[in-house]
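As structure tokens, the structure follows; a few thoughts come after it.
We did not get these values from a lab; they are worked out from the coordinates using the rules stated. Every value quoted in this text rests on a predicted model; they were computed, and no experiment measured them. As a convention, Cβ positions derive from the backbone with ideal geometry for all residues, glycine included, and neighbour counts pool all protein chains shown.
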Amino acid sequence: MGKTGRLAIALAAVIGCILFAVCDASAAVTWTAYSFGPSDALANVQGLKRITRAIEEETKGEIRINVHLAGSLPIQSTNITQAMGDGVVQFGDDGFFLGNVPIAGILRLPMLLTTPDDFAKALRVMQPYVDRDFEKKGVIVLAHFVFPFQVTFSTKRLTKLEEFTGQKLRVSEPEQAEFVRRFGGVPITMGAPEVPPALQHGTIDGVLTASAGGGKIWGDMLKFNYRLGVNYFNAMVIVNKEAFGKLTPALQGQVREIAVRLAPTTTAQIAKEEGEVLAKHKAAGMVITEPTPDELVQAAKRMGPYWDEWASKKGADAQRALAEVRKVLGR
């Protein structure tokens, strides 16, 4: 073989290697993930990263995911569902979805779900409704996790229901807002990244959150914690429907299995941190007050009529779903 022939073979081999490398690289899908959590210290952010790492490792790099925290992209927490459906991001967690999937508000109705068992029963009823309405938005729900009770933290004295009066409190959704309003407070909705400056400037006096949620990252700015559980704050691991549909059935199965397997570790981590964070707040001098049995009865009595009022405004589906939830709860 002459020099020219050897050169041609070598050149063909180099071109082949280049083409193979390009094809091999293009086989990997790269997704952008977005979290409603603004800090790596939060359990939901850590949980999302556990899931994305597992997806990358268990698919052997066929799916690569870059995670961005709340506020790092021009996406409001309340717009994650829409951004996911539009394909702006392809993966993430979403806890502020009620503007896009209103029927899920049944799981947030104040004083309706009073124990973890209540929440689990209600979620089993609601999951088909929730999955269906997310899918209408171009989003697939892969898994669920839940924070402990949302309780109230404030810079001002708050040790009983009567002391809600006049307090400006950041809420996560309209259902929480109604609770604050019915006890004389002023509800204000804002994303998590906006909370610290709002507390510093007095735009808000406090927040409704879990100790292991906002209480963990904002606790040093707050002085009182009134531990009447208003509602649970649930969240989903979600994926863009179109991007998910482009995966092979085998990869879809892997992604689903990983999300379902690991999302409960976020719930467990949050539950563990709730007590730990509360103990730190107490040691630091925060005034922590448990509600009396009479206050719990009073809160439930005040909010009970609201449940049906809420459903009647949301339509027949919401009324039917609420009736199903109340039936399984015996309430």
Problem set entry | Residue identified as of a type outside the set (Lys, Arg) and in contact with an Asp or Glu (Cβ under 8 Å, 6 or more places away or on another chain) among Ile270, Ile238, Ile288 | Ile238
For this session: For the range 99-132, name all the residues that are buried (at least 16 other Cβ atoms within 10 Å of the Cβ) and part of a loop (DSSP other than H, G, I, E, B).
Result: Asn100, Val101, Leu109, Pro110, Met111, Leu112, Leu113, Thr114
For this session: Mind telling me which of the residues Gly185, Gly206, Gly214 ends up being surrounded by 22 or more Cβ atoms within 10 Å (Cβ to Cβ), in contact with a Phe, Trp or Tyr (Cβ under 7 Å, 6 or more places away or on another chain) and touching a residue at least 40 places away in the same chain (Cβ under 8 Å)?
Result: Gly206
Problem set entry | Residue in the range 57-98 that is surrounded by the fewest Cβ atoms within 10 Å (Cβ to Cβ), counting only those that are closer than 25 Å to Leu208 by Cβ and small (Gly, Ala, Ser) | Ser72
Problem set entry | Residue that is touching a helix residue (DSSP H, G or I) at 6+ places or on another chain (Cβ under 8 Å) and outside any loop (DSSP other than H, G, I, E, B), where the choices are Ile80, Ile75, Ile65 | Ile65
Seminar exercise, completed: For the range 81-113, the count of residues that are within 19 Å of Arg170 (Cα to Cα) and of a type in the set (D, E, K, R) equals 2
For this session: Scan Ala279, Ala271 and give me the residue that is over 16 Å from Ile140 (Cα atoms), surrounded by fewer than 19 Cβ atoms within 10 Å (Cβ to Cβ) and free of Cβ contacts under 8 Å to residues at least 24 places away in the same chain.
Result: Ala279
For this session: Look through the range 140-175, keep the residues that are touching a Lys or Arg at 6+ places or on another chain (Cβ under 7 Å) and of a type outside the set (Ser, Thr, Tyr), and return whichever of them is nearest to Pro116 (Cα to Cα).
Result: Val151
Exercise. Out of all the residues in the range 251-280, which are within 25 Å of Gly85 (Cβ to Cβ) and of a type in the set (A, V, I, L, M, F, W, C)?
Worked result: Leu251, Val255, Ile258, Ala259, Val260, Leu262, Ala263
Seminar exercise, completed: Contact list, first residue from the range 111-124 and closer than 8 Å to Asn231 by Cα, second anywhere and of a type in the set (Ser, Thr, Tyr) and not in a helix (DSSP H, G or I), beta-carbon distance below 9 Å, six or more apart or interchain, is Leu113/Tyr232
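Of all residues being assigned to a helix (DSSP H, G or I) and touching a strand residue (DSSP E or B) at 6+ places or on another chain (Cβ under 9 Å) in the range 160-177, which is surrounded by the fewest Cβ atoms within 10 Å (Cβ to Cβ)? Just the residue, please.
Pro174
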Exercise. In the range 135-152, what count of residues is obtained for those that are over 13 Å from the mean Cα position of the chain (by Cα), in a strand (DSSP E or B) and of a type in the set (Gly, Ala, Ser)?
Worked result: 0
